[in-house]
Amino acid sequence: MGASPRYQLEPEEWVSRYGDLLYSYTLARVKPAATAQDIVQDTFYSAFRAKEQFNGTASEQTWLFAICRNKIIDHFRKLNRSLEILQAEHAVYFDEADHWKKEQYPQAWPPASDGALYGREFMEILHRCRKKLQEVQEAVFVLKYLEDMSSEEICKALAISSSNYWVLMHRAKLNLRRCIEKNGWK
């Protein structure tokens, strides 16, 4: 009975050999694509930092996938903690129907002397503030409030879960509120 093969690491080949495989594996489990990319990059970085701990009993590919799987699990743990914090924060601003609580309404904006100018100025600020949102937050906001899609339609179109939709919409609303008020609409 022969000894088990000892595998060697070739970090300079990781991206070309395993990059697409790890990305496909991660993207099937995590959305959006940018998050999947970040997890794969973090996998390579962590593996490189831990290469002295590689004992050679598993193949390089198996070892990298194990690291990646752990990074995905870490991502979901962080998301769960973030969701709990966001839910508590959301409850401060919004009621059960997801409307602003009366005491948390955005501040009154100045009266318009020229309705058309006022509307244009506001739309310019809103557009600039929307561009500061993360891409997926902006997409959720636009589809909900400009395209009048339901949350179910948005989740399906963007391939996101309802809890992910909720978090994205919450962040978009708060970030837009802060940005609009910061830009003179107080």
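Candidates Val30, Val40: the one that is of a type in the set (Val, Ile, Thr) and either in a loop (DSSP other than H, G, I, E, B) or farther than 11 Å from Ile72 by Cβ (or both) is Val30. Restricting the first member to region 141-156 and to residues that are touching a residue at least 24 places away in the same chain (Cβ under 8 Å), and the second to residues that are not hydroxyl-bearing (Ser, Thr, Tyr), the beta-carbon pairs closer than 8 Å and six or more apart or on different chains are Phe141/Arg130; Phe141/Leu133; Phe141/Met169; Phe141/Ala172; Phe141/Lys173; Phe141/Leu176; Lys144/Ile154; Lys144/Met169. Scanning region 90-115 for residues that are in a helix (DSSP H, G or I) and open to solvent by 60 Å² or more (accessible area, probe 1.4 Å), we see that the one that is modelled with the lowest pLDDT is Val92. In contact with a helix residue (DSSP H, G or I) (Cβ under 7 Å, 6 or more places away or on another chain), part of a helix (DSSP H, G or I) and over 30 Å from Glu135 (Cβ atoms) - does that describe any residue in region 15-24? Looking for residues that are in contact with a helix residue (DSSP H, G or I) (Cβ under 7 Å, 6 or more places away or on another chain), part of a helix (DSSP H, G or I) and over 30 Å from Glu135 (Cβ atoms), one finds none in region 15-24, hence no. Total residues in region 43-76 satisfying the condition of being open to solvent by 50 Å² or more (accessible area, probe 1.4 Å) and either in a helix (DSSP H, G or I) or in contact (Cβ under 8 Å) with a residue 60 or more places away in the chain (or both): the figure is 13.
The values are calculated or read from the model by the stated rules, or taken from the named source; none is laboratory data. No experiment lies behind these values; they were computed from the predicted model shown. Here Cβ is always computed from backbone atoms with ideal geometry, including for glycine, and neighbour counts include all displayed protein chains. Heavy atoms of the whole protein, side chains included, go into the accessibility calculation; ligands, DNA and RNA do not. Shrake-Rupley method; radii C 1.70, N 1.55, O 1.52, S 1.80 Å.
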